[in-house]
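One structure is given here, and the rest of the page talks about it.
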Amino acid sequence: MQTVQVNGTRLHYALTGPEDGAQIVFANSLGTDFRLWDAILPLLPANLRILRFDKRGHGLSDRPEGPYSMGQLITDTEKLIEHAGFRDAIFVGLSIGGMIAQGLAAKRLDLVRAMVLSNTAAKIGTRDMWAERIAAVNRNGLASITGPTMDRWFSKPFHQTDAFPAWRNMFLSTPAEGWTGCAAAISGTDFMSSTSGLRLPTLAIAGSEDGSTPPDLVFETAALIPGAQTHLIRNAGHLPCVEQPEEYARVLTDFLKAQGV
């Protein structure tokens, strides 16, 4: 188990692969821990130095009192990347992880040389929408929003699989204060202007059945960045790396190879 104190918060992370490998950072979604990426890692090239982490309020990381700001989440990630000794990394971010990617790229291009924006956007939802969800969790816990969340996250057929209950349980095991803290960060974020100024290789991935960040929203964000590539994964919702890991890994590998990995 690897942990480090950064930005006033102890983060749980995993650093794997050869020390001289191409540096890749993975940042997962709201309501998941870094096991989100488990299914795709064995399908990726072997020469990768991979950093995964539980953002504040999630997994085995600290859960400081919220609400959190996107700036805090970006600084957490910045300091963790520096601790890992990464420079010029490729950043793969899903949902809130993709927002962190955009913010970090705007702040520290020396740390991020390319990015994958998966099931994310420069702005996700509205303040009122997030306020309603945060209020529901504060009143009745994450169980009060689990059903609608699972419907947005996964295609209907996936709900009938043996794997589905574990993902539902992962969401339910997220500390409520961590979920609401990060939800507040999403609520207050609009990166339309800063993301439109980015100039780095970018791949945007969307899931055809995603009810949280529909494909049109994902690709609208990609259109802000000149030359950004897009890919739609069919029969997958908000977490296509879970529902369609083979296709996700193939598309990601193709992008990595295009960056010289």
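Nothing in this text is a laboratory measurement; each read-out follows from the coordinates by a stated rule. Note that the structure is predicted; figures quoted are calculated from it, not measured. Note: ideal-geometry Cβ built from the backbone for every residue, glycine included; neighbour counts use all protein chains shown.
Some observations on this one:
- Listed by Cβ neighbour count within 10 Å, with the fewest neighbours leading, Thr202, Thr120 appear as Thr202, Thr120.
- GNM result for the chain, Cα springs below 10 Å: residue of Leu142, Leu15, Leu239 fluctuating most strongly: Leu15
- Sparsely packed loop sites in region 194-251 (the trypsin sites (Lys or Arg not before Pro) outside DSSP H, G, I, E and B with at most 15 other Cβ atoms within 10 Å) comprise Arg199, Arg234.
- Proximal charge balance of Ala163 [Cβ under 13 Å; K/R count +1, D/E count -1]: -1
- Around Leu232: net Lys/Arg minus Asp/Glu count, Cβ-Cβ under 14 Å: -4
- Total lysine pairs under 25 Å (Cα atoms) in the chain, excluding pairs fewer than 8 apart on one chain: 6
- For Ala14 and Asp151, the difference between the fully extended length at 0.36 nm per residue and the C-alpha to C-alpha distance is 46.4 nm.
- Whole-Hz Karplus values for region 55-72 come out as 5, 3, x, 10, x, 9, 7, 4, 10, x, 4, x, x, 9, 10, 4, x, 5 Hz, taken residue by residue from phi with 6.51 cos²θ - 1.76 cosθ + 1.60 and θ = phi - 60°; glycine and proline positions read x.
- In plain terms, the residue of Ser193, Ser61, Ser95, Ser118 with the fewest other Cβ atoms within 10 Å comes first and the most crowded comes last, giving Ser193, Ser61, Ser95, Ser118.
- Cα gyration tensor category, rounded, prolate or oblate, for region 130-207 with a/c compared to 1.5: oblate
- Listing Thr213, Thr146 from fewest to most neighbouring C-beta atoms within 10 Å gives Thr146, Thr213.
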